[in-house]
Every structure is written in structure tokens, then in C-alpha cells.
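One structure is given here, and the rest of the page talks about it.
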């Protein structure tokens, strides 16, 4: 079949709006409980449900409360939550969105029981749950915003506070005998990737003994503790500039520490949520994942000598891992099909898919595979993934290069990877080229690259983004005169900043992005309340810098149309930011569209919201670049 000719951006795509939004589920990091692999999945309705796979059968663990209302599993500790359920010995404990309480359900002959509330109805939030016998250890966040390390008795609901001396705590982990506890904590103005202290203490029921520091300190992040036996601890830390695996023998005594496997690679992701990086395989092997140049690998490290064996699975690891019962479970990203919950069977070194996040609706000839790209900027190198337009049914007009859509991740202390994304394929199958940027400040490239954004947010990241566009144009891969930029949260700020500080872009879409940095510094939640002190400067001493880098005050240089998409219930970046930006652009005679979504927070959960936002964005680019979009 001879391809038809059509302008880039207007190509008819097999990846319709309904395909992108309706069938996709998000899968949380898994747990293994004997023969069962358990996970939380969030569907098109935005509701979180704990599922289990056992002997090839799927079970719904959390269904409805006794009043008939559906269970929605979620935690709002630090607003981002994480590890909001745990399963052990056919008992599941979880945090419910409707009341923030912990609930428990038990598996019997007739399936899983109706959930029973455990903790008081006092507004306290819980996350980082670890089941241990008839108790659960957790991080609790009180209504006053105070972090506590707690033990909750599942039989009587009593909540014992073990530790509440730091601004933040995370990762409570017990040794096998239940006689010692490890965790890490940190204080403002730092974030957990800046510096933490890893601590241990003897545990006696609902009391801990004297607390001993093991690792961390000034400009060192120590996270992800994992016990190996009762007197040996593994953890991930970066005193050498990279998050590497360390071993501590006798942590309650002499605390002898050894770096297991020195590498210019990161064995952890930034702890925005209460995830964990390591899983014990046996007494001499720990399962770990690591990232190098933006791609995540999976393997096992020998605890005795640090030897690292990479497992080739065909997947890029997109979550923390779980190990047990002769298998390793993880969320795996593939280069040409949707991510899935995957089990690696150790006896045969084969993988099986437990649950896909979406059906395979994009035939392989239509898939644009990520190409890792680097480019020079400011005497260094920035990174990203480039996706050329791919559609075997259509070609562009003679001599026409594709428009470019630049994606900017959030955080800004996170990173993008090169796994298959329906959201990217939606654009490439329609004739767009896509550049997914890992600018300075991104994780996975060592502490020095991450800290290169300190004090330079809104400067270094924008320079990297603009240089990436110019590099692709110079290589003849894109039409440098037709470029758009999109991003959410911190990425949304980069969108607005790039539009007001450079002349590179023709259009931009900001999802819940920041327009006024001073408002962010003064009006956000506790976890990020001092984040901008590092990224921009201390507030209010650096007030002039905040204003100079705030897009809201530089609309005289804005020439491109702007689309603003915002949740009305956003507590991280309140809707007042988008509203102020829209009003100011209109007052300056600019081109702006603002869409507010009721019931949505920081990140869109509902399928109808995702669909509406995507179709508006497609129409927006069609108007700006002069093509008729395919809205199929």
C-alpha cells in the first residue's frame, strides 16, 4: 500500500483518544505474599484497587466497604503518598482515600472479607506500611502536619508513636526477629535526595531503645534500608556522588560499613513517594535496579563481595521490585508495547506478564522507538530521548520537516525514561517528533548533575531545553520554526519560563504549572515548603530572584499562544497560579486558554479529564501550526 501524503500533525493514527485514555491502568510497585503477587492498580475512574494473582487467577482484594461504597486505596502523606498497602499471610492492610484511616481485610475460604477500619477517625494519614504479625509499622502524618513513626495494633487499633523528632521520616523496616528497626529521617529545608540520616534502634513491642545513626549526614542521602539477618543492614547512599548499595555489619554496635559495588550508576530513584529500592533474594543476594544514562536495569548483587549480575529480561524496570517464592516481580516498561506487571521466574530465567497497563493497540510498524540523544550546552552535556514521527500509512509533503513537541518532566528532581508511552505514541503517529528531556537537575546521572540545578532553576533547565531544540534542528530532524513545549507541575513551570525567556517555541501547554515562584514558596504543602530554597534561593531573602524567574512578570516577552490545564483541587500548585497567569496574559493582549477541572488535584486521575485535556491540546497545536487534527 502506497502511503498517502498529509501535513505533519494531521496524520490519521490507530492510537485514538479512546485508546489512550479509556483502557489504561496505573500499576503500583508489587508485593509478594507466598504464592500471590499483589499490587494496586488505578483505573480510568481514578480509584485504587488492590489486586492479587494466584495460580493464574486474578483476585480483587479491596472491593467495597460494608456501606456499599467502593474502596479507593490511596495515601496522601506528603501529598504524594506511596506504599499505601501491604500484604502478608493473607492479610491486607491499606489506607483509604475517603477517611485516611487504615483498614484491614483477610482472605478466607469465601474470598477477602469486608474491610474493617483499624485506626481512629482523626484525620491522621498513613503510608509506608509494613505488616508484622498483628501490627503494622507506618509513617503517620498528623492533621498538624507532623511526621511520626508508629506501630498500629490491628487487633485493638491502638497507635503507638515510636519516633517523632524529625520533620520527616520514611522506610520503617524490621529485622527478621522483630527486635530492631531501621528508618531514615530528614529536616527542612532539605529534601530526602539532599541529605538524610539513616537510623537504627532496638525494638521491644511498641517501644524503641536508644537511637543510633548509621549513615547519611551533611550532603549525603541514605535511603532504602533492608535487613539481611538480624545484625546486618543494606542501604543506598551517595557519599561518592552516586546512589550506590552499602552494607553495614553490626549496625546496633560497631556499625562497620562497606561500599558493595562502586559504580557511576544510581541504585535508587528520588524518594518523592515511599518506595524502596532493594529486595532480599537470599542470604547472599539482593535484587536491585539501577539506572545508567536514563535506562533502568535489573539484577542481583552478591552481598558477600558486591558482584553484580544483570538480568536481561527485555524490559526496563519501572518500579521497585519484590522477591519471594522463586520469582521477582516488577513493573516493566518495553520499547514497543505498554508497560506491564511482570514476574521473572528464577528457575527458568523467563518472564511472564501478570497484568498489562493497556492492551497492545499499536501495531509495531507504528511504534516510534526512543533514541537516546545528548547535546552540548554551557560547557557540558544534557540528555534526552528523541522519537521521530512514525506512521507507515502516511508521509509528509515533500521538503516538510516534522514539528517538534518537547516534553519536560516534573519534579524537577525526577527523570524520564525511554519506555513505551501511549502518550508519546499519540503524537508520533500523528506526525510529530518528540524530544523528552532530562535537563540538569534530573536524577539518574549522579549528584553533580542533579545539583547543577541548585540555585539555577529556570535558568539551567531552560538553557538545556533550548539547546536540545537547536541541536535537533541543526541535525535536520525537525522544523525549528514549529516547536511546542508541554509539561506538568515543575515541567509546567519550565513551559511558561521557556515561553517568556526564549524565542524558541511557537506554543506551549502547561499542566498545573507554576507561574509565580514566590506564591509557590509561600503557599504549598509541608514536604515541598522549602524545596525552592535550594532550587532558587532562600525565601524571602532572594525575593528579587524569585520575581525575575517567575513567568507571570515577564509577559512582555511572551509571543506564543499558551494552553493552561489545571485541577481545581490542587494543593501542590493551587489553581490561583493558573488563574493569575491567564488573567495577566489576557490583560497583555496575549493568546491563552485556561481549563479548570473540578475534582482533580495535582495530576489528572479521571479518564474523562485526560481525554478532554488531550483533545484540547491537539486542537490547540492544529490551530497554531495550521493543520486539521485527526481526533479519531
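Bear in mind that the values in this text are calculations on the coordinates, not laboratory data. From a predicted model like this one, the values you see are computed outputs, not experimental measurements.
Once you order the gyration tensor axes a ≥ b ≥ c over the Cα atoms, which shape class does the stretch 209-248 get: rounded for a/c under 1.5, otherwise prolate or oblate by comparing a/b with b/c?
Note, shape of the stretch 209-248 comes out oblate.
Just from the alpha-carbon atoms, what are the Rg and Dmax of the chain in angstroms?
24.3, 75
Expressed as an acute angle from 0 to 90° and rounded to the nearest 10, what is the orientation of the C-alpha long axis of helix 575-587 relative to the principal long axis of the chain?
With rounding to tens, the tilt is 10 degrees.
Express in whole angstrom the spacing between the alpha-carbon centres of the stretch 569-632 and the stretch 104-132.
Spelled out, the Cα-based centre of one part sits 38 Å from the other.
Find the centroid of the Cα atoms in the stretch 4-66 and in the stretch 359-386, then give the distance between the two in whole Å.
24 Å
Just how far, in whole angstrom, is the stretch 190-222 from the stretch 521-535 if you go by their alpha carbon centroids?
Each part's Cα centre sits 23 Å from the other's.
Let me have the 222 nm mean residue ellipticity of the chain computed from DSSP H runs of 4+ only, each contributing -39500 (n - 2.57), with the sum over all residues rounded to the nearest 500.
So the helix-based figure for the chain works out to -4500 deg cm²/dmol.
If you take the square roots of the eigenvalues of the alpha-carbon gyration tensor of the stretch 335-387 and sort them as a ≥ b ≥ c, do you get rounded (a/c under 1.5), prolate (a/b over b/c) or oblate?
oblate
Nearest 10 degrees is fine. How inclined is helix 460-474 to the longest principal axis of the chain, computing both from alpha carbons?
Once rounded, one gets 50 degrees.
Quick one: grab the alpha carbon gyration tensor of the stretch 350-466, order the square roots of its eigenvalues as a ≥ b ≥ c, and give me rounded if a/c is under 1.5, else prolate or oblate depending on whether a/b is larger than b/c.
oblate
Note the full-extension length gain between residue 523 and residue 212 as 0.36 nm times their separation in residues minus their Cα-Cα distance, in nm to one decimal.
Separation in residues times 0.36 nm, less the Cα-Cα distance, equals 108.4 nm.
Suppose we keep just the alpha-carbon trace of the stretch 215-300; what are its Rg and Dmax in angstrom?
Answer for the stretch 215-300, Rg first and Dmax second: 12.5, 38 Å.
Find, to one decimal place in angstroms, the Kirkwood hydrodynamic radius of the stretch 423-504, where the mean of 1/r is taken over every pair of different Cα atoms and then inverted.
Kirkwood hydrodynamic radius for the stretch 423-504: 13.6 Å.
What is the Rg over Rh value, at two decimals, for the stretch 367-625, using alpha-carbon atoms and the Kirkwood definition of Rh?
That ratio equals 0.95.
Per 0.36 nm of contour for each residue apart, how much would the distance between residue 16 and residue 591 grow if the chain were fully extended, relative to their Cα-Cα spacing?
204.2 nm
How long, wide and thick is the stretch 30-269, going by the Cα atoms along their three principal axes, in whole angstroms, largest first?
Projected onto its principal axes, the Cα set of the stretch 30-269 covers 52, 42, 35 Å.
With everything on Cα atoms, drop me the angle between helix 607-625 and the longest principal axis of the chain, reported from 0 to 90° to the nearest 10.
Taking Cα atoms only, the helix is inclined about 30 degrees.
When only Cα pairs under 8 Å and 6 or more residues apart are kept, what is the percent relative contact order across the chain?
12 percent
Along the three principal axes, how long is the stretch 294-379 when you take its alpha carbons, biggest first, rounded to the nearest angstrom?
42, 41, 19
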